[in-house]
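Sharing a structure here in structure tokens format.
The values are calculated or read from the model by the stated rules, or taken from the named source; none is laboratory data. Here the structure is a predicted model, which means the values were calculated and not measured. Using ideal geometry, Cβ is built from the backbone for each residue, glycine included, and neighbour counts are taken over all protein chains shown. Ligands, DNA and RNA are excluded from the accessible area calculation, which covers all protein heavy atoms including side chains. Shrake-Rupley method; radii C 1.70, N 1.55, O 1.52, S 1.80 Å.
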Amino acid sequence: MLVIDHAEACGKKILISGGGRCNFTNIGTLPDRFISANPHFAKSALSRYTPDDFIALVDSHGITWHEKTLGQLFCDGSARQIVDLLLDECAKGGVALWLGQPITHVAHADGRFCVTVGARVATAPALVIATGGPAIPQLGATGFAYDLARQFGLKVVEPRPALVPLTLGGGDALFQNLSGVATEVVARAGMAAFREAALFTHKGLSGPAILQVSSYWRHGEAIAIDFLPGHAADWLVAAKRERPRALLRTCLAAALPVRLAETLTDRLPHGGELISYTDRELTDIAARLANWSFHPNGTEGFAKAEVTVGGISTDGLSSQTMAARKVPGLYAIGEAVDVTGWLGGYNFQWAWASGHAAGMAL
């Protein structure tokens, strides 16, 4: 068995993941936490190689780990431990590594694949496309998987950046002045909603909640932010009864970062004392704060995206084995495929599970 990587070292994306500690899986992994044109495709592989299976492998290598929020598991040490784990497993399996040179040609004839790498040529009865997507090109990521898929007649679902910061312009541009301010919100895009932190940046919006909804957002659409999740619809009316002379700005600042409270108040009606508002006006303000609309003008692109939505269409692949239906011996796994997980270790689990499915079939 042979692994070919045009990078000079293996696992560059792994090394930077999870802040350098690699969020290697999520114990809450379920198929509905993955985006695909076929929402059922990932079920088979995920059910046959679970987070517990990968945790057992991690444990067998003596790697200690901890759980953070929302089922996310991280190495206690560093992401290098996961790379070393994978390299150790390759060594046990007698896997050869060709690193540091790009693939210049791939052909398929007489039941064998022929891959040219510099002056070397490798042949084999099976070829696994495991080259990921174009997210983080500064680490060498490219769309090579899609070129290879098209060469063999496989369709590609339009790739786009996912788990990526959103940019703001126009009437929303003033929020860029809040760069560095973070608060817990519920962010929504379409039917998807996530309660986590949002972060204002000098370009727009980021933070876990925003990264999550970015995978569902499409150009031209709005996203909605609930700045005060858990607050009752009449909370401002109740506040008026308790402290009628309190300023609206003061009430918001008690629940939100001061700079954010001030910016929101400036965009709400007159911003005076609570007693100066009718109950209906306060209810309407609370409703707006619970459903504040932003209109992103784009994303920060593949350079800042953690993963890619889209990729090699699942229509041409077996969900059991990840094999191409019309090209015997050809497989596609991981981020190269049109299956994209939520933030928090889901994409690593898909890589392990889809790789295991293909490996068991080889």
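Helix 279-289 versus the longest principal axis of the chain: what angle, 0 to 90°, nearest 10, using Cα atoms?
20 degrees
Pairs on different chains or at least eight residues apart, Cα atoms closer than 20 Å: how many lysine pairs in the chain fit?
4
Residues with beta-carbon under 14 Å from that of residue 243, excluding residue 243: net charge, scoring Lys, Arg +1 and Asp, Glu -1?
Surrounding charge for residue 243 is +2.
Okay, moving on. Could you tell me the extents of region 69-174's C-alpha atoms along the three principal axes, largest first, rounded to whole Å?
61, 38, 26
What is the angle, in °, between the Cα long axis of helix 346-361 and the longest principal axis of the Cα atoms in the chain? Nearest 10 is fine, range 0 to 90.
On a 0 to 90 degree scale, this one is about 20.
In nm, what is the difference between 0.36 nm times the number of residues separating residue 64 and residue 80 and their Cα-Cα distance?
Gain in length upon complete extension: 4.5 nm.
Could you work out how far helix 51-60 tilts from the main Cα principal axis of the chain, as a 0 to 90 degree angle to the nearest 10?
For 51-60 against the chain, the angle is about 60 degrees.
So what is the calculated 222 nm ellipticity per residue for the chain, using -39500 (n - 2.57) for each DSSP H run with n of 4 or more, over all residues, to the nearest 500 deg cm²/dmol?
-7500 deg cm²/dmol
According to a simple spin-label model (label point 7 Å from Cα along Cα-to-Cβ), what is the distance in nm between residue 8 and residue 105?
It works out to 2.7 nm between the two label points.
Mind computing the radius of gyration and Dmax over the alpha-carbon atoms of the chain? Å is fine for both.
Computed over the Cα atoms of the chain, radius of gyration and Dmax are 24.1, 84 Å.
So for each of 12-19, 126-133 I average, over its residues, the number of other beta carbons within 10 Å; can you give me the resulting order with the highest mean first?
126-133, 12-19
Take peptides 203-213, 69-79, 162-172 and line them up by average Cβ neighbours within 10 Å, highest first, as a rough protection proxy.
Result, highest mean first: 203-213, 162-172, 69-79.
Turning to a different aspect of this structure: Express in % the proportion of alpha carbon pairs of region 259-299 at distances exceeding 15 Å.
Summing the P(r) tail past 15 Å for region 259-299 gives 49 percent.
Let me ask something additional. Could you do me a favour and compute the accessible area per residue for the chain, 1.4 Å probe, result in Å²?
46 Å²
Then there is this: Between region 143-162 and region 309-362, what is the C-alpha centre distance in whole Å?
Using only Cα atoms to place each centre, the spacing works out to 13 Å.
Tell me, what % of the accessible area of region 106-255 is carbon and sulfur with a 1.4 angstrom probe?
Here it works out to 55 percent.
What residues have an amide H closer than 5 Å to that of residue 127, excluding those fewer than 5 places away on the same chain, when H is modeled at 1.01 Å from N in the peptide plane?
So residue 127 has HN proximity to 330, 331.
Could you work out the relative contact order of region 153-307, using alpha carbon pairs under 8 angstrom and six or more residues apart, expressed as a whole percent?
Relative contact order comes out at 33 percent.
Run the numbers for residue 295 and residue 112: contour at 0.36 nm per residue of separation, minus the present Cα-Cα distance, in nm.
60.8 nm
Is there a quick way to get the dipole size of region 214-323? I mean about its Cα centre, with the Cβ of Lys and Arg at +1 and of Asp and Glu at -1; what is the value in debye to the nearest 20?
My answer is approximately 340 debye.
Do you know the relative contact order of the chain, to the nearest whole percent, from alpha carbon pairs under 8 angstrom that are 6+ apart?
This gives 24 percent for the chain.
Continuing with the same structure: If amide H atoms are built 1.01 Å from N in the plane of the peptide, which residues on other chains or at least 5 residues away come under 5 Å of the amide H of residue 41?
none
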